[in-house]
Amino acid sequence: GRVGENITANARTIRAIPLKLTGKYPAYLDVRGEVFMPRDGFEEWNKKARERGTKPFANPRNAAAGSLRQLDPAVTASRPLTFNAYYVGEYEGGELPQTQYERLMALKEMGLPVNPNVKVERGERGLREFYEDILERRPTLNYDIDGVVLKVNSLSIQERMGFTAKNPRWAIAYKFPPEEMMTKLLGVEFQ
């Protein structure tokens, strides 16, 4: 974006983000995506933090956000972060496919990581099956996920649908039910 914190130096330290694209790509390419900390990296980092006697991270999402905001890029580089591309914002000086899915596959060919669970589905039944599949596999994924984002595949239809003040009308997040766990209350103090 054009407004906000400049995290370019920190993002350049994330190994999953290539410093140079491969194959055929536009002269100017604006790629949107998400930096995150995989669960295994989060667990390993916290294990080492406890061994060092330092404070462990509270959760992978906050750890990733805080890592990107570090003033020293070396600190960001030391943390187990990765990235998934999920959208092309703008581009000039080249051609890209005209569907969401094909563009993601083009980004993958350029060397950018794309979530392996991306797929094209048709109709309510297909979308529901996709949602149920990811919900069932949620505990086995190596990253935290609170739902799935469903997008219109045709970019011309996306363009016609447009945006609200903040969000695209052609994409919707379907949240999963919250994860529930049992805990044991060890004590209560009344004052």
Residue list for region 143-191, restricted to those being of a type in the set (V, I, T), open to solvent by 80 Å² or more (accessible area, probe 1.4 Å) and over 18 Å from the mean Cα position of the chain (by Cα): T183, V188
Suppose we filter I134, I157 for residues that are within 25 Å of N59 (Cα to Cα) and either modelled with pLDDT of 95 or more or touching a His at 6+ places or on another chain (Cβ under 9 Å) (or both); which single one remains? I134
Does E121 count as at pLDDT 95 or above and either assigned to a loop (DSSP other than H, G, I, E, B) or closer than 25 Å to A64 by Cα (or both)? yes
When the residues of region 21-43 are filtered to those that are open to solvent by 90 Å² or more (accessible area, probe 1.4 Å) and within 20 Å of the chain's Cα centre (by Cα), which remaining residue is farthest from V75 (Cα to Cα)? R32
Would you point out which residue out of R52, R69, R137 is basic (K, R), out of contact with any helix residue (DSSP H, G or I) (no Cβ under 6 Å at 6 or more places or on another chain), within 22 Å of A173 (Cα to Cα) and open to solvent by 30 Å² or more (accessible area, probe 1.4 Å)? R137
Look at region 95-120 and say how many of its residues are in contact with a Lys or Arg (Cβ under 7 Å, 6 or more places away or on another chain) and either touching a residue at least 40 places away in the same chain (Cβ under 8 Å) or buried (at least 16 other Cβ atoms within 10 Å of the Cβ) (or both). 3
With (1) surrounded by fewer than 16 Cβ atoms within 10 Å (Cβ to Cβ); (2) without any contact (Cβ under 8 Å) to a residue 12 or more places away in the chain as the list, and N46 as the residue in question, which single condition is left unmet? (1)
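The values are calculated or read from the model by the stated rules, or taken from the named source; none is laboratory data. Please read all numbers here as calculations on a predicted model, not as lab measurements. Backbone-built Cβ (ideal geometry, glycine too); neighbour counts: all protein chains shown. Each accessible area value is taken on the protein alone, full model and side chains, heavy atoms only, with ligands, DNA and RNA left out. Shrake-Rupley method; radii C 1.70, N 1.55, O 1.52, S 1.80 Å.
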